[in-house]
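The values are calculated or read from the model by the stated rules, or taken from the named source; none is laboratory data. Everything numeric in this text was worked out from a predicted model, so none of it was measured. Here the Cβ is made from the backbone with ideal geometry for all residues, glycine too, and neighbour counts use every protein chain on show.
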C-alpha cells in the first residue's frame, strides 16, 4: 500500500463537474489499494476574483487581511471536493492549513513554512479517510492565517508528502507534464518522461511555468519524488527524481525562456571593494529578486554592472539604484524592459563543455545579438532582445535535437 | 467612551460600495469617541450560492464540511470590510469565530455557543483597533470549524457584546426597525420605538423575521441592550430592553403571522398517561421543532392531538408519527400544510384579560375560522387557513389600534 499525495490546481476543480472528476480519480487510486492525501487550490479564477474585490474595496491591502481573504478560496474548494468524495461513498475530511499543521513565519502573502505537524492528517488517514488539505495556507507563529503565495499549493503538496513520508507527490495540472520547451512556441516540443530535480529547478527558474519553483526546491531538498501530470487526460506525465546516470542522457534536456524580467545597468561605477555588495544589499532589503548579474572587466578604474529584476520591481529598483548611483559617484542607471532570457538546461552539459559555444553559434546564425550571459553547472542563459526570443528558442530546440521524433 | 457592537447583515455588505458605506458609518462612531466591534455576515446571496454549489457537487453534505464551506462567506466579507476601514485610515483586524474565542458544541450547521473567550478581540480594542468578527462561526470542542446556523450573525453580535460588557449591540439590517406588524401586509404598520425582550421574543417566535430569535433569547438572558436599525437610512430604529413600566403602554404591541408551519393531527389516540410523551419524545429525537400543541378533551377514552411542525420537517414527522399511530392503535394521522398562524403580542395583556376574547371576535367578524389556539402570558396565537391570514392580520392590527397616526 503506497501513500500518494495528489494535488489539483484551480482549473482541475473549477466547477462541480471537474470536482466530481477529481473524486472519481481519487476513488480509482483508493480502489487500487493506495492511501491518498488530496491538496486543492481555489476554484478556477476565484483567487483573481478575490483580488479584484480587494482592489474595489480599498487601496490599502494589509497582508494579514489579504491572507484571510484569499484563503477563503481554498476553503470553499476543499469542502466541496470533500462532499464530492462523500457523494461517491469515500469518507473524507477537509483541513485548513492550520488544521493540517502548517506552521509558517508571519510574512503575509508570501509566508514560509517553518514546520509541518500533520497529526490530524495522519489520524484521518489512520481512520481510513481521505484528508483534503487547502493549498497554500498556514498559521503563523502569531496565530494568524497565512498564505504561502500564488502557486503555493504545489509547495503544500510537497511539504505534506515529506511530512507524511509519502511515496509520491502527484501534481495534477492543465498541462500533460514538463516539456523540452514551450509547446506554444515550438509545436514539436516533447513531453519529458523524467527530469532531475536540478534540471527542473533551473527550468522553473528560467521560465518553465509549472510546477512552482519553490515546490521543486522543497522536493529537491527533502527528496520528495514528484509526478507532474494532467488532470484532464490522466495519462502518465513527467517524473521528477534524483538524477539517474543514463547512457542515453541527452546533453541538453530543455530550452526555456521568459519575458518577465527587465535589465538594469549601473554604468561607470568606481571599481573598488564593497561597491557590488552595497548595490545588491540595498536591492535585497527592498525584497527585489535580482537574477542574472554581470560585471564587466574594469577599465580606467570604473566598471559597468548589469543585472535583471522582475518587471514589477523595476520602478522601485530604479529609484533606489539611482540614489545609490549619485552616492557612489557612478555614471548613471539605465533600464530596458523589452529584453527576454533564453536558457538551455541539461545535467549532461557538465561533461560536455561545448554546449555554451554551440548555443552562442546558433544564436549568431539566426542574427540574435547576446546582451548578457550567465551560466551554472547545468545551464547557460543569454539575455536577448524580446522580439527575437521565440526564434532563438526554436533554433536551440532544433540544434540540440530535442524535438519529438 | 461607550463600547458599541455593530452587526451588519448580508445586504449591508453586498458589494464594495456597501462595504465602504459601512466603513464610513464605523468611522463616524469612532470620531464620536466610541469604541466599535464589528460583526459581519457573508456578502449578499453568497451563502445561498455556496449551498447551491454544495448541491451541485454532492447529495451528501456532512455537517463538518458544510460548516467549512459556509464560513468561507463571512471570512471573505470580514477581510474586505477590514480593508475598507484601512482605506479610510481606520486600523482594524479581522477575526474568525475561532480567533474571536467562540467555543461551541460540535453540532455542525447549528452549533451552540458554549463559551466566548474574547482575549484577542479585547487586545485589538486595547490597541486602538476596530476588530471585525465573522458572524455565525465558532470552533468546536473537537477543534473543527462550526457554523451557528442561518441568522447566526445576530447571535455572534449579542454574545460578543455580552462577553465584552458592551454598552449597546446595534443590529443593522435591511428594515428600519421592528414593526407592529408586517408592513408588506399592513401599509400603516408602525415602527416601534422600543419593545421588551419578552415581547420581541414572542414576536420572533411567531413570524417577525428580524432579529433572529436565538439572538433575542441570548440578549434577554444576559441583559444585552439591542438597537435594531437600518443600514441604509442610518436613522434610529427600535430599542430592545428590559420592560419599562409605562402608563401609555399599549395592551397589544404587535401582530405577527407566519406560514412556515404545517398542522398535524393524530386522531383517536387512547387517552392514557404517557401517550403524548411518547409522541413528542419521538419527534424531539428526530430534531423536529414542534411548536403549538393542542389536545382535545377526551370522549369515550380517545382523544385528538394536533400540533404544528415546520414545513421542511413534515415528511419525516409524518412518517414516524404514522408508525407510532399504528403502535398506539390510534385512528390515524393527517396533515395540512396550507395553514398559517396569526398572533397578538403585548406585555400589557397580562393585566387585561379581554385580549383573547377581542381577538376571537375580530376573527369571527371577518369570517376567519380558528383551527387551533395557544396562549402565553403575553401572546395569543390562532392557527387559521393560509388564504385568510392577511385579512386576519389587517383586522387585528386595526382593532388593537396599532397603526401609524
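State whether the residues of the range A:147-154 include one that is assigned to a strand (DSSP E or B) and under 18 Å from residue B:96 (Cβ atoms).
Looking only at the range A:147-154, we keep the residues that are assigned to a strand (DSSP E or B), and these are A:147.
Imposing the further condition that a residue be under 18 Å from residue B:96 (Cβ atoms) reduces the set to A:147.
Looking for residues that are assigned to a strand (DSSP E or B) and under 18 Å from residue B:96 (Cβ atoms), one finds at least one in the range A:147-154, hence yes.
Listed here are the residues, each with its yes/no results for (1) more than 8 Å from chain A (Cβ to nearest Cβ); (2) within 25 Å of residue B:118 (Cα to Cα).
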position	(1), (2)
B:39	yes, yes
B:52	yes, no
B:56	no, no
B:68	no, yes
B:72	no, yes
B:76	no, yes
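Kindly provide the set of residues from the range A:289-317 that are farther than 18 Å from residue A:206 by Cα, out of contact with any strand residue (DSSP E or B) (no Cβ under 6 Å at 6 or more places or on another chain) and in a helix (DSSP H, G or I), ordered by number.
Those that are farther than 18 Å from residue A:206 by Cα, out of contact with any strand residue (DSSP E or B) (no Cβ under 6 Å at 6 or more places or on another chain) and in a helix (DSSP H, G or I): A:315, A:316.
Let's see how each residue does on (1) free of Cβ contacts under 8 Å to residues at least 12 places away in the same chain; (2) closer than 14 Å to residue B:334 by Cα; (3) within 21 Å of the chain's Cα centre (by Cα):
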residue	(1), (2), (3)
B:271	no, no, no
B:278	no, no, no
B:295	no, no, no
B:310	no, no, yes
B:315	yes, yes, no
B:319	yes, yes, no
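Please go through (1) within 13 Å of chain A (Cβ to nearest Cβ); (2) free of Cβ contacts under 8 Å to residues at least 12 places away in the same chain for residue B:46 and return the number of the only condition it doesn't satisfy.
(2)
Is it true that residue A:77 is part of a loop (DSSP other than H, G, I, E, B) and surrounded by 22 or more Cβ atoms within 10 Å (Cβ to Cβ)? First the steps, then the outcome.
Values: part of a loop (DSSP other than H, G, I, E, B): no; surrounded by 22 or more Cβ atoms within 10 Å (Cβ to Cβ): yes.
In short, no.
Take the residues in the range A:250-270 that are outside any strand (DSSP E or B) and buried (at least 16 other Cβ atoms within 10 Å of the Cβ), then tell me which one is modelled with the lowest pLDDT.
The initial filter retains those residues of the range A:250-270 that are outside any strand (DSSP E or B), namely A:250-253, A:259-260.
Add one more test, that the residue is buried (at least 16 other Cβ atoms within 10 Å of the Cβ), and what stays is A:250-253.
Numbers: A:250: 67, A:251: 81, A:252: 90, A:253: 90.
Out of the qualifying residues, it is A:250.
Check off (1) surrounded by fewer than 24 Cβ atoms within 10 Å (Cβ to Cβ); (2) under 16 Å from residue A:38 (Cα atoms) for residue A:84 and give me the number that stays unchecked.
For residue A:84, the exception is condition (1).
I'd like the residue in the range A:1-15 that is buried (at least 23 other Cβ atoms within 10 Å of the Cβ) and touching a strand residue (DSSP E or B) at 6+ places or on another chain (Cβ under 7 Å) and, out of all such residues, is farthest from residue A:170 (Cα to Cα).
Quick first cut of the range A:1-15, residues buried (at least 23 other Cβ atoms within 10 Å of the Cβ) only: A:5-10, A:12-13.
So of that shortlist, the ones also touching a strand residue (DSSP E or B) at 6+ places or on another chain (Cβ under 7 Å) come out as A:5-9, A:12-13.
Numbers: A:5: 6, A:6: 5, A:7: 6, A:8: 9, A:9: 11, A:12: 13, A:13: 15 Å.
That would be A:13.
Results for (1) out of contact with any strand residue (DSSP E or B) (no Cβ under 7 Å at 6 or more places or on another chain); (2) closer than 30 Å to residue A:397 by Cβ, shown as yes or no for each residue.
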residue: A:322; (1), (2): no, no
residue: A:333; (1), (2): no, no
residue: A:345; (1), (2): no, yes
residue: A:355; (1), (2): no, yes
residue: A:366; (1), (2): yes, yes
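Which number in (1) assigned to a helix (DSSP H, G or I); (2) surrounded by fewer than 19 Cβ atoms within 10 Å (Cβ to Cβ); (3) touching a helix residue (DSSP H, G or I) at 6+ places or on another chain (Cβ under 7 Å) marks the one condition that residue A:123 misses?
(3)
State which residue pairs qualify: first residue within 14 Å of another protein chain (Cβ to nearest Cβ) and under 21 Å from residue B:79 (Cβ atoms) and inside the range B:112-130, second residue at pLDDT 95 or above and part of a strand (DSSP E or B) in any location, beta carbons under 6 Å apart, and separation of 6 or more residues or different chains.
Between residues of the range B:112-130 that are within 14 Å of another protein chain (Cβ to nearest Cβ) and under 21 Å from residue B:79 (Cβ atoms) and residues that are at pLDDT 95 or above and part of a strand (DSSP E or B), the close pairs are B:121/B:131; B:124/B:93; B:124/B:131; B:129/B:92; B:129/B:93; B:130/B:36; B:130/B:92.
Just to be sure I understand, how many residues within the range B:80-111 are part of a helix (DSSP H, G or I), more than 7 Å from chain A (Cβ to nearest Cβ) and without any contact (Cβ under 8 Å) to a residue 40 or more places away in the chain?
First, pick out the residues of the range B:80-111 that are part of a helix (DSSP H, G or I): B:80-87.
Going one step further and asking which of them are more than 7 Å from chain A (Cβ to nearest Cβ), we end up with B:81, B:85.
Okay, now just the ones that are also without any contact (Cβ under 8 Å) to a residue 40 or more places away in the chain, so none.
Matching residues across the range B:80-111 total 0.
What about residue B:382, is it crowded, with 19+ Cβ neighbours inside 10 Å and within 23 Å of residue B:184 (Cβ to Cβ)? If you could, list the steps in order and put the result at the bottom.
Numbers: crowded, with 19+ Cβ neighbours inside 10 Å: yes; within 23 Å of residue B:184 (Cβ to Cβ): yes.
Here the answer is yes, as residue B:382 does meet what is asked.
Can you spot a residue in the range A:334-341 that is over 24 Å from residue A:259 (Cβ atoms) and touching a residue at least 12 places away in the same chain (Cβ under 8 Å)?
No - not one qualifying residue is present in the range A:334-341.
Restricting attention to the range B:132-139, does a residue exist that is within 13 Å of chain A (Cβ to nearest Cβ), part of a helix (DSSP H, G or I) and within 26 Å of residue B:214 (Cβ to Cβ)?
No, the range B:132-139 contains no residue that is within 13 Å of chain A (Cβ to nearest Cβ), part of a helix (DSSP H, G or I) and within 26 Å of residue B:214 (Cβ to Cβ).
How many residues are closer than 26 Å to residue A:136 by Cβ, in contact with a helix residue (DSSP H, G or I) (Cβ under 6 Å, 6 or more places away or on another chain) and surrounded by 19 or more Cβ atoms within 10 Å (Cβ to Cβ) when one looks only at the range A:172-195?
Qualifying residue count for the region: 1.
Answer with yes or no whether residue B:26 is assigned to a helix (DSSP H, G or I), within 12 Å of chain A (Cβ to nearest Cβ) and in contact with a strand residue (DSSP E or B) (Cβ under 6 Å, 6 or more places away or on another chain).
No; evaluated as a whole, the condition is false for this residue.
Which one of the conditions (1) in contact with a helix residue (DSSP H, G or I) (Cβ under 7 Å, 6 or more places away or on another chain); (2) more than 11 Å from every other protein chain (Cβ to nearest Cβ); (3) not in a helix (DSSP H, G or I) does residue A:33 fail to meet, given that it meets all the rest?
The one condition residue A:33 does not meet is (1).
Just to be sure I understand, how many residues within the range B:354-405 are in a loop (DSSP other than H, G, I, E, B) and touching a helix residue (DSSP H, G or I) at 6+ places or on another chain (Cβ under 7 Å)?
Summing the residues that are in a loop (DSSP other than H, G, I, E, B) and touching a helix residue (DSSP H, G or I) at 6+ places or on another chain (Cβ under 7 Å) in the range B:354-405 gives 6.
Go through the residues of the range B:198-219 one by one and say whether even a single one is within 23 Å of residue B:38 (Cα to Cα), in a strand (DSSP E or B), at pLDDT 90 or above and under 15 Å from the mean Cα position of the chain (by Cα).
No, every residue in the range B:198-219 fails to be within 23 Å of residue B:38 (Cα to Cα), in a strand (DSSP E or B), at pLDDT 90 or above and under 15 Å from the mean Cα position of the chain (by Cα).
Being over 23 Å from residue B:364 (Cα atoms), out of contact with any helix residue (DSSP H, G or I) (no Cβ under 8 Å at 6 or more places or on another chain) and outside any helix (DSSP H, G or I) is the filter here; which residues of the range B:331-353 pass it?
The one that is over 23 Å from residue B:364 (Cα atoms), out of contact with any helix residue (DSSP H, G or I) (no Cβ under 8 Å at 6 or more places or on another chain) and outside any helix (DSSP H, G or I): B:334.
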